[in-house]
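Student: What follows is a single structure, and I will ask about it in a moment.
The values are calculated or read from the model by the stated rules, or taken from the named source; none is laboratory data. Bear in mind the structure is a predicted one, so any value in this text is a computation, not a measurement. Glycine also receives a Cβ, built like all others from the backbone with ideal geometry; neighbour counts cover every protein chain displayed.
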Amino acid sequence: MKKDPAALGHSRRHGTQFVNWLIRVQYLSYGAGSSIERPCGDEKTIEVHIKLNIFNAMLSKVKKAYYYYFYIIWGMYEGSPNRFASDIKAGAFILVLEGLIWLSFGYYYTVFFKLKALPNVIWLLYGPIVVFAVINYFAFYKNDVWRERIYEFGEWPTNKNKIGAFFVILGTCLIISNFLFSLILLYNR
């Protein structure tokens, strides 16, 4: 027999309040008509189910932002005089930004733990770059997923795309300035 999650609120256990709060957040955020199914079962099962649903919803938003970042960079390369292989250039640009983020974390690690230099392990430096390249391949190029995303975001209103382009440029500037700041910290210690 399936229990109604709202009926669990009469329990004396503290965890039930958290579960009921998660249910309210889930249905306020994603709506009762969403593809997220209403969880049933005991308290722990409902809590795990809701946490997984919220995590999946957040992950899908991160993926959509990742695709949108690609779309804006692709659009900038398409607007340039040399339109050849704009998709590859956009993927390479994102890969460079991911590499800058990884290197800045390495530099921060070196500075905050007072190491004399970065660890001289080649896989520590280039391993994540290869992982990022594989992720980019599966996210954009396998089965030409990028074409579907370009079409999807191309249908958005111009004003929404302008606001999105502003945030993409702002994010790019923040990534580059974060990398430069980590370099400054590294060389001024």
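Student: Would you please name the residue that is modelled with the lowest pLDDT, looking only at residues in the stretch 78-105 that are surrounded by fewer than 18 Cβ atoms within 10 Å (Cβ to Cβ) and of a type in the set (Phe, Trp, Tyr)?
Tutor: So, considering only residues that are surrounded by fewer than 18 Cβ atoms within 10 Å (Cβ to Cβ) and of a type in the set (Phe, Trp, Tyr), the one modelled with the lowest pLDDT is 84.
Student: Moving to a separate point now. Give the residue that is surrounded by the most Cβ atoms within 10 Å (Cβ to Cβ), with candidates limited to residues of the stretch 157-189 that are assigned to a loop (DSSP other than H, G, I, E, B) and modelled with pLDDT under 90.
Tutor: The selected residue is 189.
Student: Take residue 142 and decide whether it is charged (D, E, K, R), assigned to a helix (DSSP H, G or I) and at pLDDT 85 or above.
Tutor: no
Student: State all residues of the stretch 121-144 that are of a type in the set (A, V, I, L, M) and either touching a residue at least 24 places away in the same chain (Cβ under 8 Å) or in contact with a Lys or Arg (Cβ under 8 Å, 6 or more places away or on another chain) (or both); if no residue qualifies, say none. Spell out the reasoning first.
Tutor: First, the residues of the stretch 121-144 that are of a type in the set (A, V, I, L, M): 121-122, 124-125, 129-131, 133-135, 139.
Selection gives 129, 133, 139.
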